[in-house]
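The block underneath contains the structure these notes are about, expressed in structure tokens.
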Amino acid sequence: MSRKVVVTGGFDDLRSGDIRFLHEASRLGDVTVLLWRDEVLRKRTGQPPKFPEQERLYLLNAIRYVNRVELVSGVTSADELPDLPSASPDVWAVEECQASGEKAAFCRAHGIDYRVIGREQLKGFPDPIPPADPSAALQAPPRKKVVVTGCYDWFHSGHVRFFEEVSAYGDLFVVVGHDANIRLLKGPGHPLLPAAERRYLCGSVRYVKEALISSGTGWLDADPEIRRLQADIYAVNEDGDKGGKREYCQRLGIQYLVLKRTPAPGLPQRSSTELRGF
């Protein structure tokens with residue numbers, strides 16, 4: 001049986017560093033996130049969260065390294081776990097910057113393995129996909145291959161919702177634009193994040209089978225990857241329905257799928273441009 005690992009925090013404005021931490025914590029066992037509710041974040045930080053608790057909950061539940069998320073009410077000590085059934089773990093994992101002697105003492109007193117994940121462990125962007133189970137692949141019926149493309153520079157709940165919807169049509173492959181092509185299409189100041197980091201973010205979403213980096217140029221920079229994968233479907237949202245993609249799919253005999261930009265139920269509409277500010 002896998003060990004039960006808990007991590008705690010607000011996870012407001014989820015970034016690659018947060019996901020790297022969750023990735024490393026998942027190597028210790030099954031991860032439960034004890035997520036601070038909005039009122040807890042307000043009391044701890046003195047200001048409202050950038051993203052409401054339901055949006056933070058939705059994003060964390062979509063991360064492949066997380067097994068469970070539980071919202072935590074009330075203001076508990078940052079150096080103690082809340083008195084919850086789910087907070088009786090085998091391991092409490094914390095980032096080095098959040099480590100404390102009080103946390104270590106709490107874990108000793110309660111028979112919990114206290115693990116500090118250091119900065120060196122969080123460097124780089126490893127392959128986000130866990131090794132496949134060959135026997136499962138043999139048993140599973142073949143699915144269509146679905147490709148989506150984009151920059152995915154400021155990762156948000158809208159991206160996750162798009163991946164969730166598209167994955168219903170088959171195995172989802174996300175091709176992020178390489179840095180030079182993003183600058184070509186979007187201009188100076190883009191991208192904010194390098195391609196390896198954007199690939200890692202996309203590949204960490206449980207709806208994604210594999211994330212890749214494009215090797216072509218222009219609006220169809222993913223052409224080499226699409227041909228190599230022998231994609232059955234090319235999916236875009238309404239904003240991405242341009243650049244000759246429809247005609248490209250007609251030439252190659254690929255199904256072209258255009259989805260409306262619809263947020264997950266109860267969540268606000270998000271766009272990278274709005275969050276980035278330009």
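A short reminder: the numbers here are calculations on the coordinates, not readings from a lab. Just so you know, these numbers come straight off a predicted model, no measurement behind them. Cβ placement follows ideal geometry from the backbone for every residue including glycine, while neighbour counts extend to all protein chains displayed.
Quote the Stokes-Einstein diffusion coefficient, in whole µm² s⁻¹, for region 4-122, based on the Kirkwood radius over alpha carbon pairs, a temperature of 20 °C and a viscosity of 1.002 mPa s. So the translational diffusion coefficient is about 149 µm²/s. By DSSP, the beta bridges lying fully in the chain are antiparallel in about 5 percent of cases. Number of Lys-Lys pairs in the chain with C-alpha atoms under 17 Å apart and a separation of 8 or more places or on different chains: 6.
Each of L185, P265, I233 was placed along the dipole of region 134-276 (beta-carbon charges, centred on the mean Cα), and the one lying farthest toward the positive end is I233. Overall, region 4-122 carries a charge dipole of about 160 debye about its Cα centre when +1 sits on the Cβ of Lys and Arg and -1 on the Cβ of Asp and Glu, all other atoms neutral.
What does the charge count around G101 come to, taking other residues whose C-beta lies under 14 Å from its C-beta (Lys +1, Arg +1, Asp -1, Glu -1)?
Summing Lys/Arg as +1 and Asp/Glu as -1 gives -2.
Given +1 at the Cβ of Lys and Arg, -1 at the Cβ of Asp and Glu and no other charges, the dipole of the chain around its Cα centre is 540 debye to the nearest 20. The order of T273, T8, going from fewest to most other C-beta atoms within 10 Å of their C-beta, is T273, T8.
Placing unit charges on the Cβ atoms of the charged side chains and taking the dipole of the chain about its Cα centre, the candidate lying farthest along the positive direction among L41, F21, L212 is L212.
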